[in-house]
1. Search the structure for amide H atoms under 5 Å from the amide H of Val492, placed 1.01 Å from N in the peptide plane, and list their residues when 5 or more places away or on another chain.
2. Arrange the peptides 148-156, 270-278 so that the one whose residues have, on average, the most other Cβ atoms within 10 Å appears first.
3. Below 8 Å, C-alpha to C-alpha, sequence gap of six or more: please give me the relative contact order for region 266-310 in percent.
4. Multiply the residue separation of Asp24 and Asp629 by 0.36 nm, subtract the distance between their alpha-carbon atoms, and state the gained length in nm to one decimal.
5. Measure out, as a whole number of angstrom, how far apart the alpha-carbon centroids of region 455-510 and region 650-667 sit.
6. Rounded to the nearest 10 Å², what accessible area does Tyr262 show when all protein chains are kept and the probe is 1.4 Å?
7. Long-range amide H contacts for Leu4: which residues qualify at under 5 Å (H placed 1.01 Å from N, peptide plane, sequence gap of 5 or more or a different chain)?
8. Using 10 Å bins from zero, what percent of all Cα-Cα pairs in region 818-865 falls into each bin?
Amino acid sequence: MAELESKYIAKNVEDKWYKRWLDDNRFHSEVNEKEPYTIVIPPPNVTGVLHMGHMLNETIQDVLCRKERMNGKNVCWVPGTDHASIATEAKVVNLLKEKGIDKKDLSREDFLKYAWQWKEEKGGIILEQLRKLGCSCDWQRTQFTMNEVMSESVLEVFVELYNKGLIYRGVRMVNWDPKALTAVSDEEVIYKEQHSKLYYLKYKIVGEKDKFLTVATTRPETIMGDTAVCVHPLDDRFKGLDGKKVVVPIVNREVPIIYDEYVDREFGTGALKITPCHDINDYNIGIKHKLDKINIFNDDGSLNDNGLQYKGMDRFDCRKRIVKDLEENGLMIKVEDYDNKIGLSERTQVAIEPKLSEQWFLKMKDLAKPALDVVEKNEIMFYPDKFKNTYRHWMENVNDWCISRQLWWGHRIPAYYLPNKEYVVAKSKEDALKLANKKYPQENYTINDLHQDEDVLDTWFSSWLWPISCFDGILNPDNKEIKYYYPTNDLVTAPDIMFFWVARMVMAGLEFKHEIPFKNVYFTGTVRDKLGRKMSKSLGNSPDPIMLIKKYGADGVRMGMLMSSPAGNDLPFDESYCEQGRNFSNKIWNALRLVKGFSVEEKEQPTANILAIEWFKQRINEMIESINDDFSKFRLSESLKNIYKFVWDDFCSWFLEIIKPEYGKSIDKTTYEQTLDIFDSLMKILHPFMPFVTEEIYHQIRARKEDETIMYAPYPKSEKSNKKITDNFAFIMEVITAIRSLRNSKNIPQKTALECYFKESSSKDVIVKYESIIKKLSNVEKIDFVEDKKDACAALMIRTTEVFVPITMAINVDEEVKKINEQIKYYEGFKISTEKKLSNERFVNNAPKQVVDLEKKKLLDCQTKLQTLKEQLLALN
């Protein structure tokens, strides 16, 4: 084998092994006789590039997949991207603007050509970036939510749900995004606290000279749409106004005063302006009281013809202007500061405009109940399970899903309008024509009589089918792949898309496959900076993941992400974690160089080495049991921390120090081979977390076959562990640590050999067994046992065992006496102050019992310490 590089160079190793894995088709899965393990990637937007959240999410998935491969399962990890209607269309529109092309000047077909061209050239960059991270996705199965199979599946589902009466078209109040020019669902609206103003306006009472109602509103720009003023029927302030009208300021339109218990008497003045077209609550009141509906906004948020002299103005510019006009006309009483929550479009961050619009909706109530039941019954497990409460709340209060979007990029709604003002729903125009002529045979329609709906479906309407459509389970429900790979095993995702995606996938799975789509959902936390802020481009606090990989290596970054990311909890990311990961790779590499640098010969195996190997094998058993338990509970962060400590401390700092031959001497062949076996096991244990360095070291430990890889090496299995061995060794480690600490505190050179006298105790057999290790790691030349304490010795207490170490020949006695006297002085003073406190009856009688007991314990410990120090002083004199 070639000589090992003096330094571990991550880039060279990562490039080499990822290419080898791809060339050897290591990530691909086909249906076979093995137990399947299936994960589908949460498809990132086709417009996206790798960010820290993706990196955390995909690292966790890769860890799970690599572990299950080593467990002998047939792993299928399906990658892919989401067509992201709003984001992609916005991206293409902006690119066309840069070329001087306006979307309005293009036909739908021409615009889609540009969109597909952009997707083929620029889309999917993120999937290439995931390779740099070491993701072992089945790239041959890469999916796109607008590919042929997935698009056909979406249309099939739409038609089926429509025919079941679950999809309907109707005029409803929707969340309108004036920037994206489309409706968005309730789940795509983010509510943020903002500092606003509350405007108090005069509404003159018709027929009452100089009398008016004061109405408080945060949106004076909507008064052109007012069709009533509403007060609470039990509010004494508004008695006697039944049947009266008021005049809307500026507009000078008379509207009725109505009574409704909806009104909050504590808000503003208790009188509420009702604008049915521009507020969901006003809309509901308007229906109840049969009020007129006046829409004053264009789709882009500007004022339309109903906006009077403000026509064409942006809604927020109009607010400023109308406030000024109200003040100038004496119609503004006062303005107050007011904090309220504003609904913003998640995608564009623009204030949502409630808008009456004809849209397509999916009834959710009947779909939601079974989807809630499977989670409540733990058929689907949430990790952490605290998210069950959030899930339950949403499912019990779900609204119908607005599934239409006023865009061109996406799955076009398969509804076809007829000249008789009716419509039919079918997968294709040809099918729609047959259906139309069947419903209306007298019309004898031709294909040219049909006009397809201009809207596309919400992106999530394709994503909710993802675990099914990835295996063509909608169009070919009995194909061998869907039968084998579905339901999938684990889903790793962020809690902020629990409703957008997770809940809807559960609904789709139960509706179309009559089976849950996955068994476990692991919710990752949010990646935050050291100040606790969410990482984002706008804050400039999010490092470039690819640059981190270049700097610290993929293994280093993976470890850095996972070391501080327990399920469901936010990750306070610090680049130093990645540095720690890189240092760990170097530590393992240097450990390998140490072992491979040993001179090996056939000779008797030292007792210390036999005992070290016996102990370490038991520790491996304990670690495997712990790791398997952690994985079963998705405690991946805890598992990695334990592996890190195990390799760094137990293996490098203890095991290798025990078996390492003295300078210039050789190691016996038995120990050497057994050490390589141990190294081999450690790399397998670590591989799911750090795939590159472990694959490289696996091939450096011993010569391997050309097609051999650690990826498919069996994960180590735990044999029956002997806890007595590990407990005894832990005691020996304490003994060695105590002797080393004594040596350091007394400034005794390492080369000076010590003697140790152990007081006879129950630990004698353990000390005798491990004597060779104590001597080697502590540089102790003699170990013996005594009945009583030994003079002129430093005394150590390790658990219940006393140890006496003669030190007069190894230390400066005068310096040591001075040091001990200073300690005695300190503890004498501490003893006096504690005794004084305990002699105070008020303290003893009034302080909590645990506080008094603690002071008594401090006194006892102090007395014991003083006795030990005085004995040490006596031994030195």
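1. Distant-sequence amide H within range of Val492: Tyr522.
2. Answer by packing, highest mean first, reads 270-278, 148-156.
3. Across region 266-310, relative contact order equals 24 percent.
4. So the extension gain works out to 214.6 nm.
5. Between the Cα centres of region 455-510 and region 650-667 lies a distance of 54 Å.
6. Solvent-accessible area, nearest 10 Å²: 110 Å².
7. none
8. Going from the shortest bin to the longest, the percentages are 26, 48, 20, 6, 0.
The values are calculated or read from the model by the stated rules, or taken from the named source; none is laboratory data. From a predicted model like this one, the values you see are computed outputs, not experimental measurements. Heads up, the Cβs are rebuilt from the backbone with ideal geometry, glycines too, and the neighbour counts pull from every protein chain shown. Heads up: the accessible areas ignore ligands, DNA and RNA and are worked out on the full protein's heavy atoms, side chains in. Shrake-Rupley method; radii C 1.70, N 1.55, O 1.52, S 1.80 Å.
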